[in-house]
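Trainee: Provided herewith is a single structure, encoded as structure tokens, for subsequent inquiry.
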Amino acid sequence: MSEWKKICTLDEIPSLGARVVKSAQGDIAIFRTGNDEVFALHDHCPHKGGPLSQGIVAGKTVTCPMHGWKIGLDSGAAEAPDEGHASCLQVKVDEAGVVWLDIKQIVAVCAA
Amino acid sequence: MKKMNLVMVGNGMAGVRTLEELLKLAPDLYDITVFGAEPHANYNRILLSPVLAGEQTIQDIMLNDVDWYRDNGITLHLNKKITHINRKQRVVTADDGTAVEYDRLILATGSNPFILPIPGNDLPGVIGYRDIADTDAMIDAAKVYKHAVVIGGGLLGLEAANGLKLRGMDVSVVHINEWLMERQLDKSSAKLLQKSLEDKGLKFLLKKNTAELVSGESGRVAAVKFKDGETVPADLVVMAVGIRPNTALAESAGIHCNRGIVVNDTMQTYDPRIYAVGECVNHRGTAYGLVAPLFEMAKVAANHLAEFGIGRYTGSVTSTKLKVTGIDLFSAGNFTGGEGYEEILMSDPVGGVYKKLVIQDNKLAGAVMYGDTVDGAWYFQLLREGRNISDIRDHLMFGQSHVGDLGHTGHNRAAAMTDEMEICGCNGVCKGSIVKAIKEKGLFTLEDVRKHTKASSSCGSCTGLVEQLLASVLGGDYSEAPKTKSICGCTDHTHAEARAVIRDNKLLSIPEVMDFMEWRTPNGCSTCRPALNYYLISTWPGEAADDPQSRFINERAHANIQKDGTYSVIPRMWGGQTNSSELRRIADVADKYAIPTMKVTGGQRIDLLGVKKEDLPGVWADLDMPSGHAYGKALRTVKTCVGSEWCRFGTQDSTQLGVDLEKALWKMWAPHKVKLAVSGCPRNCAEVAIKDVGIIGVDSGWEIYIAGNGGIKTEVAHFFVKVKTAEEVMEYTAAFLQLYREEGFYLERTVHYFNRVGMDYIKQRVLEDAANRRELHARMIFALQVEKDPWVERAKEGVLKHEFEMLTV
Ligand code: SRM
Ligand SMILES: Cc1cc2nc3c(=O)[nH]c(=O)nc-3n(C[C@H](O)[C@H](O)[C@H](O)COP(=O)(O)OP(=O)(O)OC[C@H]3O[C@@H](n4cnc5c(N)ncnc54)[C@H](O)[C@@H]3O)c2cc1C
Ligand code: SF4
Ligand code: FES
């Protein structure tokens, strides 16, 4: 079962940046890439729980601000040689530019 | 569109490295076909010696297996030797008749062992030492035969002899010269080496000229006969008297060769469609026989094949290490010296230690070390960087740990460490895992090790140890010379090139720079973006806009992120001075925002730790104190002592000068953080000797010291100049720091910049050229005028509000 919630507009997320959504399941990071794709991850680095929302976004990755692990935005997977996953959530942008988040369905930890 | 055909002849180390580099740059440009005369995929030839010695297996030394070729869409023909190139029709033909057309051709045919032109050189049991087949032949011979003779006492010959000995043979090494490895060692160190090898059971026949190889009854070689008439028994003869570039194929196709296939700086032969890389090449008159230069060639050839057209190969300096376990030997550069060279020598024949450094024009030109090679990597780095060593000359011989250049593990010797011992303290990587990764993953350079193990990728203080491990496993560290090192994997350009392009073409934004310099990734990465952002704002203050998304979180949020995701706030206390109302405000803020920890920092000010991100603007507004930039590559603190105002020894008002300097330089962004200190007398209570700029008041004025550092590697600041007035201190300090801001590479602290350019250069730009000094000072003032207090902007003017506002569902 999905449960889509309105979060903000695309403009409210900086390009190559992120916003944090406070939710019952903890903080969720919503990222915006250079070509306006939007991704959502739990704001919790698989290494030591660093807030991924505070990292530097490039291509489809974010570099964790704590110790520099690189996490794939679409998969939540850490880049080699590191191993681990942040869990992903479904997110979409409608024609009006509104960002929606499915807070029910955690897209299970994606295979590496 | 049909892709172009790229054909490569020779499936060895240089060729495959070229393909790897090419695939990184332009994965879809070519259909690639590879021909290899050997029946094996690509392996690490330099590790044949440990295989022979029984320390590793062929499996361990594979670099790219057949799956790699398949995964990258490369057609691989093993066991096929190209015998003909038709340059008109652009077709190559192999010995089994396979013919393939090419648009571009790479010749990477390596070299052949030189076989002495003497009678008997073609007898069974006489081999060179080049490939897996030779290695297998030696291993097999050792099982059934007793006597081995290795002709040639160079690197290869000694490694072969050592391996055969370990496999149980009785081994003699024949050498025509008076001492071993005369191309790498001088006589003294060679004698020490000979002694240790004799202790391992090897025999040496020096100054011997081989006349003939004599066969026995079976038709196999049985003895070696010398010109002086002496004969020694030999069931196996290994010729290791040198290599000859393998140019036969190129010559037969009419490509210009002269002791190697002649190439230009873009690795093209006289036929521009045909490239050549590796040991088969003659570049500017030199044919190389070690891996490091070949990798640099590979990078350049790949760049041109990818049609980027920017790299140039201009030759290499090489270093050597003998891969015989238990023997420490290192040599690099020109170590024979001669006219115009100076030598520093240390010799302890009884202790088995010998070191020689050769110096030319205040730069290290070469080094030979035997017995204690801990500092090999460091000397090699000084050599490749061309660093001016006049300031460390006194201590140079005693190694890195004696020039105050100490990492936390600076005293350990990598070779003597056990596998469980930790090398990288930041990432918890031990020696065993690094050695394993080097062997199993086929790593060659410091960057490879950083990428695969994380060792040395954080604070960098273990870099020297990692370099030693590379050298002891591989016989060398094949990292690129710093001046050709690219900023990161997104580009082949160096920091210096990026700085120059931004200045010369007046580029004002990161996308412009990436476009202009043909970045490979759409928006760079967390390494290059912050660097480019700094280069832009420091080159074009007020014109290039700062990009917060290209700044590390601390500089984006203007507070330091803590391990639990909260932030710390350190307001500025000019020169470490405060007053009761400031302290009261700080106390009130701490209460209002329930700040859990308050601490006096090492920089004479107060840290409020554990502030929630959303509270930051409120905290700043209520504090009503300037940003301390404790989070930035910026001016941090100006530490002061009480000075002449209170202290009974004070000769100058150091507190006031500190406050003035801090107010003048506040808000300054720099390649890395900048710390100053001012002491009122030579007792030096403000610890100026470890600051980027340190000032000591004396009766007759002020002494200025520069480029100290108190962090990971402690470096004592160098005396720069003595001036009379406080105004002069301001001008000289600002001018030096502006020079650093304009020329420093991102993440280079003043000490690194100083080491790179040298004191003479800085003196020339700041002291000798008064007009230039004033211009530098003026440019600093101009740059700082456009900067605002980031806390005020965010607390009171609503700048970048979204950074501090959380969303909810
Ligand atoms: C707070 C403080 C420790 C303290 O409680 O006293 C501190 C805290 C940190 N230091 Fe420091 N350093 C502090 C004084 C120093 C000093 C002493 C000094 O400034 O007099 C040094 C040695 C002097 C020097 O820099 O040459 C020092 C050498 C370092 C280094 C090594 C720098 C180097 O070039 O080797 C790092 C790592 C880096 O910058 O990459 C570092 C990095 C850090 C970081 C930023 C680590 C990080 O990236 O999170 C710490 C931030 C904690 C925080 O959030 O506040 N800190 N750090 C000090 C703040 C001073 C201030 O008022 O601004
Ligand atoms: C035992 C040993 C130890 C060494 N130790 C070190 C060391 O410690 N440090 C160091 O830096 N270097 C060392 N070297 C040297 C290093 O291995 C070489 O510099 C490097 O391998 C040269 O690379 P290359 O690609 O030019 O040639 P190679 O790696 O020799 O590759 C050339 C390939 O081309 C093939 N080939 C040739 N002609 C044809 C043709 N017509 N058709 C098809 N295929 C063809 C050959 O069979 C060969 O496989 C060592 C070498 C040996 C043999
Ligand atoms: S404050 Fe400095 S020394 Fe202390 S743990 Fe952090 S970085 Fe290390
Ligand atoms: S917590 Fe993310 S890299 Fe360590």
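The values are calculated or read from the model by the stated rules, or taken from the named source; none is laboratory data. This structure is a prediction, so every number in the text was calculated from the model and none was measured. Note: ideal-geometry Cβ built from the backbone for every residue, glycine included; neighbour counts use all protein chains shown.
This table checks each residue for (1) surrounded by 13 or more Cβ atoms within 10 Å (Cβ to Cβ); (2) in contact (Cβ under 8 Å) with a residue 60 or more places away in the chain; (3) in contact with a His (Cβ under 9 Å, 6 or more places away or on another chain).
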site	(1), (2), (3)
B:Pro39	no, no, no
B:Asn44	yes, yes, no
B:Ile74	yes, no, no
B:Leu105	yes, yes, no
B:Leu123	yes, yes, no
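Trainee: Suppose we filter B:Leu23, B:Leu63 for residues that are farther than 18 Å from B:Leu156 by Cβ and within 12 Å of ligand 2 (Cβ to nearest atom); which single one remains? Steps first, answer last, please.
Mentor: Values: B:Leu23 fails: within 12 Å of ligand 2 (Cβ to nearest atom).
Going through B:Leu23, B:Leu63 in turn, the sole match is B:Leu63.
Trainee: A follow-up question, please. If I ask for residues that are assigned to a strand (DSSP E or B) and not β-branched (Val, Ile, Thr), which ones from the stretch B:677-718 would you list? Write out each step before concluding.
Mentor: Narrowing the stretch B:677-718 to residues assigned to a strand (DSSP E or B): B:677-679, B:693-698, B:701-706, B:709, B:715, B:718.
Result: B:Ala677, B:Ser679, B:Gly694, B:Gly697, B:Gly701, B:Trp702, B:Glu703, B:Tyr705, B:Asn709, B:Glu715, B:His718.
Trainee: Looking only at the stretch B:753-775, how many residues end up being in contact (Cβ under 8 Å) with a residue 60 or more places away in the chain, surrounded by fewer than 19 Cβ atoms within 10 Å (Cβ to Cβ) and under 17 Å from B:Val693 (Cβ atoms)?
Mentor: 1
Trainee: Given B:Ala276, B:Ala298, B:Ala253, which one is over 26 Å from the mean Cα position of the chain (by Cα), within 24 Å of B:Thr83 (Cα to Cα) and in contact (Cβ under 8 Å) with a residue 60 or more places away in the chain?
Mentor: Details: B:Ala276 fails: over 26 Å from the mean Cα position of the chain (by Cα); B:Ala298 fails: over 26 Å from the mean Cα position of the chain (by Cα).
None of the others qualify; the one that does is B:Ala253.
Trainee: Could you tell me which of the residues B:Asn246, B:Asn264 is crowded, with 16+ Cβ neighbours inside 10 Å and of a type in the set (S, T, N, Q)?
Mentor: On the way: B:Asn264 fails: crowded, with 16+ Cβ neighbours inside 10 Å.
Being crowded, with 16+ Cβ neighbours inside 10 Å and of a type in the set (S, T, N, Q) holds for just one of B:Asn246, B:Asn264, which is B:Asn246.
Trainee: On to the next question. So the check is Cβ under 7 Å with 6+ separation or different chains; which pairs have a first residue in the stretch A:51-68 that's under 14 Å from B:Ser550 (Cα atoms) and a second one that's within 16 Å of ligand 2 (Cβ to nearest atom) and at pLDDT below 95?
Mentor: No pair meets every condition.
Trainee: Among the residues of the stretch A:42-65, write down those that are away from ligand 1 (no atom under 15 Å from the Cβ) and of a type in the set (S, T, N, Q).
Mentor: A:Ser53, A:Thr61, listed by residue number.
Trainee: Could you check the stretch B:439-478 and list, in sequence order, the residues that are in a helix (DSSP H, G or I) and among the aliphatic types (A, V, I, L, M)? Don't jump to the end; show me each part of the working.
Mentor: Narrowing the stretch B:439-478 to residues in a helix (DSSP H, G or I): B:439-440, B:446-453, B:463-474.
Within the stretch B:439-478, B:Leu446, B:Val449, B:Leu465, B:Val466, B:Leu469, B:Leu470, B:Ala471, B:Val473, B:Leu474 meet the criteria.
Trainee: If we keep just the residues of the stretch B:278-289 that are at pLDDT 95 or above and assigned to a loop (DSSP other than H, G, I, E, B), which is farthest from ligand 1 (Cβ to nearest atom)?
Mentor: Among them, the one singled out is B:Cys280.
Trainee: Can you confirm whether A:Gly59 is away from ligand 4 (no atom under 16 Å from the Cβ) and at the interface with another protein chain (Cβ under 7 Å from one of its Cβ atoms)?
Mentor: On the way: away from ligand 4 (no atom under 16 Å from the Cβ): yes; at the interface with another protein chain (Cβ under 7 Å from one of its Cβ atoms): yes.
Yes.
Trainee: Hey, another quick one. I need the full set of residues from the stretch B:711-751 which are surrounded by fewer than 20 Cβ atoms within 10 Å (Cβ to Cβ), away from every other protein chain (no Cβ under 14 Å) and within 15 Å of ligand 1 (Cβ to nearest atom), in order please.
Mentor: Passing the criteria: B:Gly711, B:Ile712, B:Thr714, B:Val716, B:His718, B:Glu748.
Trainee: Return the only residue of A:Asp27, A:Asp11 being within 10 Å of another protein chain (Cβ to nearest Cβ) and part of a helix (DSSP H, G or I). Outline the logic, then answer.
Mentor: Values: A:Asp27 fails: part of a helix (DSSP H, G or I).
Just one listed residue meets the conditions, A:Asp11.
Table: residues versus (1) within 14 Å of chain A (Cβ to nearest Cβ); (2) surrounded by fewer than 21 Cβ atoms within 10 Å (Cβ to Cβ); (3) within 18 Å of B:Phe804 (Cα to Cα).
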site	(1), (2), (3)
B:Asp547	yes, yes, yes
B:Gly565	yes, yes, yes
B:Arg572	no, no, no
B:Glu582	no, yes, no
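Trainee: Can you find, within the stretch A:14-24, the residue that is farthest from the other protein chains (Cβ to nearest Cβ) among those that are surrounded by 21 or more Cβ atoms within 10 Å (Cβ to Cβ) and within 20 Å of B:Pro522 (Cα to Cα)? Walk me through how you get there before you give the answer.
Mentor: Pass one, the stretch A:14-24, residues surrounded by 21 or more Cβ atoms within 10 Å (Cβ to Cβ): A:16-21.
Retained after the next criterion (residues that are within 20 Å of B:Pro522 (Cα to Cα)): A:16-18.
On the way: A:Leu16: 4, A:Gly17: 5, A:Ala18: 9 Å.
Within the stretch A:14-24, the match that is farthest from the other protein chains (Cβ to nearest Cβ) is A:Ala18.
One line per residue, one yes/no per condition, for (1) surrounded by fewer than 19 Cβ atoms within 10 Å (Cβ to Cβ); (2) at the interface with another protein chain (Cβ under 10 Å from one of its Cβ atoms); (3) within 13 Å of the chain's Cα centre (by Cα):
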| site | (1), (2), (3) |
| --- | --- |
| A:Lys48 | yes, yes, no |
| A:Gln54 | no, yes, yes |
| A:Cys64 | no, yes, yes |
| A:Trp69 | no, yes, no |
| A:Ala80 | yes, yes, no |
| A:Glu83 | yes, no, no |
| A:Ala86 | no, no, yes |
| A:Leu89 | no, no, yes |
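Trainee: Would you say B:Ala287 is farther than 30 Å from B:Lys165 by Cα and in contact (Cβ under 8 Å) with a residue 24 or more places away in the chain? First the steps, then the outcome.
Mentor: Working: farther than 30 Å from B:Lys165 by Cα: yes; in contact (Cβ under 8 Å) with a residue 24 or more places away in the chain: yes.
Yes, satisfied.
Trainee: Can you list the strands (runs of 3 or more DSSP E) found entirely within the stretch B:81-139 that contain at least 3 residues being under 25 Å from B:Val16 (Cβ atoms)? Before you say what the answer is, go through the steps one by one.
Mentor: Details: elements: B:82-86, B:91-94, B:99-101, B:104-107, B:111-113, B:126-128.
Fully inside the stretch B:81-139 and qualifying: B:82-86, B:91-94, B:99-101, B:104-107, B:111-113.
Trainee: Out of the residues in the stretch A:64-91 that are over 20 Å from B:Gly428 (Cα atoms) and of a type outside the set (A, V, I, L, M, F, W, C), state the one that is farthest from ligand 4 (Cβ to nearest atom).
Mentor: A:Gln90
Trainee: Quick one: which residue in B:Tyr313, B:Tyr275 is of a type outside the set (A, V, I, L, M), away from ligand 1 (no atom under 16 Å from the Cβ) and assigned to a strand (DSSP E or B)?
Mentor: Numbers: B:Tyr313 fails: assigned to a strand (DSSP E or B).
It is B:Tyr275.
Trainee: Is there a residue in the stretch B:539-549 that is outside any helix (DSSP H, G or I), under 25 Å from the mean Cα position of the chain (by Cα) and not assigned by the TED database to the domain that holds B:Leu294? First the steps, then the outcome.
Mentor: Initially, the stretch B:539-549 is screened for residues outside any helix (DSSP H, G or I), giving B:540-547.
Narrowing the set further to residues that are under 25 Å from the mean Cα position of the chain (by Cα) leaves none.
No, the stretch B:539-549 contains no residue that is outside any helix (DSSP H, G or I), under 25 Å from the mean Cα position of the chain (by Cα) and not assigned by the TED database to the domain that holds B:Leu294.
Trainee: So A:Phe39 ticks every box in (1) more than 16 Å from ligand 4 (Cβ to nearest atom); (2) surrounded by fewer than 18 Cβ atoms within 10 Å (Cβ to Cβ); (3) more than 11 Å from chain B (Cβ to nearest Cβ); (4) at negative phi but one. Which box is left unticked?
Mentor: Of (1) more than 16 Å from ligand 4 (Cβ to nearest atom); (2) surrounded by fewer than 18 Cβ atoms within 10 Å (Cβ to Cβ); (3) more than 11 Å from chain B (Cβ to nearest Cβ); (4) at negative phi, only one is false for A:Phe39: (2).
For (1) surrounded by fewer than 17 Cβ atoms within 10 Å (Cβ to Cβ); (2) outside any helix (DSSP H, G or I); (3) aromatic (Phe, Trp, Tyr), each residue gets a yes or a no:
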{"position": "B:Glu178", "(1), (2), (3)": "yes, yes, no"}
{"position": "B:Leu185", "(1), (2), (3)": "no, yes, no"}
{"position": "B:Ala190", "(1), (2), (3)": "no, no, no"}
{"position": "B:Leu197", "(1), (2), (3)": "no, no, no"}
{"position": "B:Glu212", "(1), (2), (3)": "yes, yes, no"}
{"position": "B:Gly219", "(1), (2), (3)": "yes, yes, no"}
{"position": "B:Val224", "(1), (2), (3)": "no, yes, no"}
{"position": "B:Asp228", "(1), (2), (3)": "yes, yes, no"}
{"position": "B:Ala250", "(1), (2), (3)": "no, no, no"}
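Trainee: If you scan the stretch B:479-505, which residues turn out to be surrounded by fewer than 17 Cβ atoms within 10 Å (Cβ to Cβ), in contact (Cβ under 8 Å) with a residue 24 or more places away in the chain and not in a loop (DSSP other than H, G, I, E, B)?
Mentor: Hits for the stretch B:479-505 are B:Pro482, B:Lys483, B:Ala496, B:Arg503.
Trainee: Here are the criteria: (1) modelled with pLDDT of 95 or more; (2) surrounded by fewer than 18 Cβ atoms within 10 Å (Cβ to Cβ). Tell me which single one B:Asp789 does not satisfy.
Mentor: (2)
Trainee: Looking only at the stretch B:464-486, decide whether some residue is within 14 Å of chain A (Cβ to nearest Cβ) and of a type in the set (Gly, Ala, Ser). Spell out how you get there, then give the answer.
Mentor: Within the stretch B:464-486, the first condition is being within 14 Å of chain A (Cβ to nearest Cβ), and the residues that meet it are none.
No, the stretch B:464-486 contains no residue that is within 14 Å of chain A (Cβ to nearest Cβ) and of a type in the set (Gly, Ala, Ser).
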